[in-house]
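The values are calculated or read from the model by the stated rules, or taken from the named source; none is laboratory data. Not measured: the values here are computed from a predicted model. Positions of Cβ are backbone-derived with ideal geometry, glycine not excepted, and every protein chain shown enters the neighbour counts.
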Amino acid sequence: MKQKQVVELATEVLIPEWKKEREFQARLEAWAKGKHERPYRPREVNDEYEAIEDRSKVPLLGLIVRIFGQGLELIDYTPGDAGMKDELWRIWTANQMPSRQKRLWKAAFTGGIGYALALPGEPVPQIKLYSPKNMIAVYQDAEYDEWPMYAAEGTPANKSGFHFRVFDDENVYTLGMNAEGGKVEFITEEAHGAGVAPVVRFAGEVDTEGAVEGEVERLIPIQSAIDQAKFDQQMTQTFSSFKIRYATGMASPDNDEDRERVKLVLAQDRILLSENPESKFGTLDGTDLLGYIESGKASKQELATVAQVSPKAIVGAQANTANGAEAQAADEASTMRKLSDFETVFSPAIGQLFRLTGSLAGIERAASDYAGRCTWRDSEIRSLAQIADAVAKLADDRLGIPREALWEMLPGVTHEKVAAWKSYEGDAFAELLNGIGRGGANADSRA
């Protein structure tokens, strides 16, 4: 594109859309961090009311984002052409993606989508991650298209301005603008050599119109109800949960000094006396908090149901719930199904990113390799007895499954560990025995 076309595209389309999305995502981010709107409160409030409001926020949405992020981890990628595997995986690890991938999942779960930008670099192509708060991508068909027509990201340049970069299938264009998105001016243009707009999107849920939705947006009303129940409970606990003593038929003090003295006596003495036989004493019971507690618990259970996470993680352990690996696995079955869905929808995007970085690195056939396979860490809870029993049965000689192929089924075993095990030769235990003098031949030779 020419400079004038880039500035017009940014001014009329990309910057307004970026600002709109940035404002929306900032709200979702605030809810995920527990810095959201306060619950409803009476019109006339004091400092004590505001302090109770601040203590009433229960930041559970961020917990749900972390639960899904902790259960999702790519541990291996096998391209259709196995000869490219080591080179492609080196790019992934050189960019520290085994740990940085968590930031990508957090962006996708919080705002509905995350982006990975790949550009040429030394010694390997560089991968940069963005949340939808800082990057947007424009697709001709948002539901079907693999690559965007344009992508753009904004980075603060100083207190009063931004650098706004626009990507198409040929170049990276850097623009300058003020904090309001005005006074746009062209700065630089640089070819990236990818042949496509080098941005890969990671969207957890996309409908047929291409619209995305994260985990936070749909849960905001329930989180708001939880905060309100907590606020009502705290207000009642502070002002209405204590027994109130009263006395009737007592003469009213004549002056302010006597009134203060009577207040002090009522506040400090446990026994109240009166010379008037018509006087009556009694107490008013405090408000029962159980209803408020149950209301908050019901909203938390709703949150766990809608989010598809274990109620134990949100409500806490209950007296009537079972323990043990099998019970926990049944409790988290819904979470495992949802994580399986995320693995299904994120795997093509992972393959797309590997193809893009492989192409930028000059690896032949990387761009056309659509047969890659992702291996995700198994987060399902199983007892050691279940795993041992399953692997032992599969190792039966009648099935003909090579025993080395079963190693990958063991929890926590990575591709690197399997490769190391396969490099071992002979019986390692027998060699160990020989090394300490329990093997006959070696023992004789030393003698």
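Before we move on, is G412 at pLDDT 80 or above and closer than 29 Å to F68 by Cβ? Before the answer, list the steps.
On the way: at pLDDT 80 or above: no; closer than 29 Å to F68 by Cβ: yes.
For G412, the condition - at pLDDT 80 or above and closer than 29 Å to F68 by Cβ - is not met.
Do you know which residues across segment 274-306 are touching a Gly at 6+ places or on another chain (Cβ under 8 Å) and either closer than 29 Å to S334 by Cα or charged (D, E, K, R) (or both)?
Step one: of segment 274-306, the residues touching a Gly at 6+ places or on another chain (Cβ under 8 Å) are 274, 276, 278-280.
The answer is E278, K280.
Apart from one condition, G34 fits all of (1) surrounded by 15 or more Cβ atoms within 10 Å (Cβ to Cβ); (2) modelled with pLDDT under 90; (3) over 16 Å from the mean Cα position of the chain (by Cα); the exception is (3). Pairing residues of segment 79-91 that are free of Cβ contacts under 8 Å to residues at least 24 places away in the same chain and at negative phi with residues that are buried (at least 21 other Cβ atoms within 10 Å of the Cβ) and not in a helix (DSSP H, G or I), at Cβ distances under 6 Å and at least 6 apart in sequence or on separate chains, gives K85/P79.
Residues checked against (1) modelled with pLDDT under 70; (2) surrounded by 12 or more Cβ atoms within 10 Å (Cβ to Cβ); (3) out of contact with any strand residue (DSSP E or B) (no Cβ under 7 Å at 6 or more places or on another chain):
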| position | (1), (2), (3) |
| --- | --- |
| I226 | no, yes, yes |
| D232 | no, yes, yes |
| M235 | no, yes, yes |
| S240 | no, yes, yes |
| T248 | no, no, no |
| A251 | yes, no, yes |
| E257 | no, no, yes |
| V262 | yes, yes, yes |
| D269 | yes, no, yes |
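Yes/no matrix, rows are residues, columns are (1) surrounded by fewer than 18 Cβ atoms within 10 Å (Cβ to Cβ); (2) out of contact with any Gly (no Cβ under 8 Å at 6 or more places or on another chain); (3) not hydrophobic (A, V, I, L, M, F, W, C):
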site: P132; (1), (2), (3): no, no, yes
site: D141; (1), (2), (3): yes, no, yes
site: A152; (1), (2), (3): no, yes, no
site: S160; (1), (2), (3): yes, yes, yes
site: L175; (1), (2), (3): no, yes, no
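Results for (1) part of a helix (DSSP H, G or I); (2) outside the structural domain of Y370 (by TED's automatic domain parsing); (3) closer than 30 Å to T174 by Cα; (4) of a type in the set (V, I, T), shown as yes or no for each residue.
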| site | (1), (2), (3), (4) |
| --- | --- |
| V65 | yes, no, no, yes |
| W89 | yes, no, no, no |
| R100 | yes, no, yes, no |
| R103 | yes, no, yes, no |
| G114 | no, no, yes, no |
| L117 | no, no, yes, no |
| E122 | no, no, yes, no |
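Scanning segment 54-93 for residues that are in contact with a Pro (Cβ under 7 Å, 6 or more places away or on another chain) and modelled with pLDDT of 90 or more yields K85, L88, I91. Do we find a residue being under 30 Å from E143 (Cα atoms), among the small types (G, A, S), within 24 Å of the chain's Cα centre (by Cα) and buried (at least 18 other Cβ atoms within 10 Å of the Cβ) anywhere in segment 193-201? Among the residues of segment 193-201, not one is under 30 Å from E143 (Cα atoms), among the small types (G, A, S), within 24 Å of the chain's Cα centre (by Cα) and buried (at least 18 other Cβ atoms within 10 Å of the Cβ), which makes the answer no.
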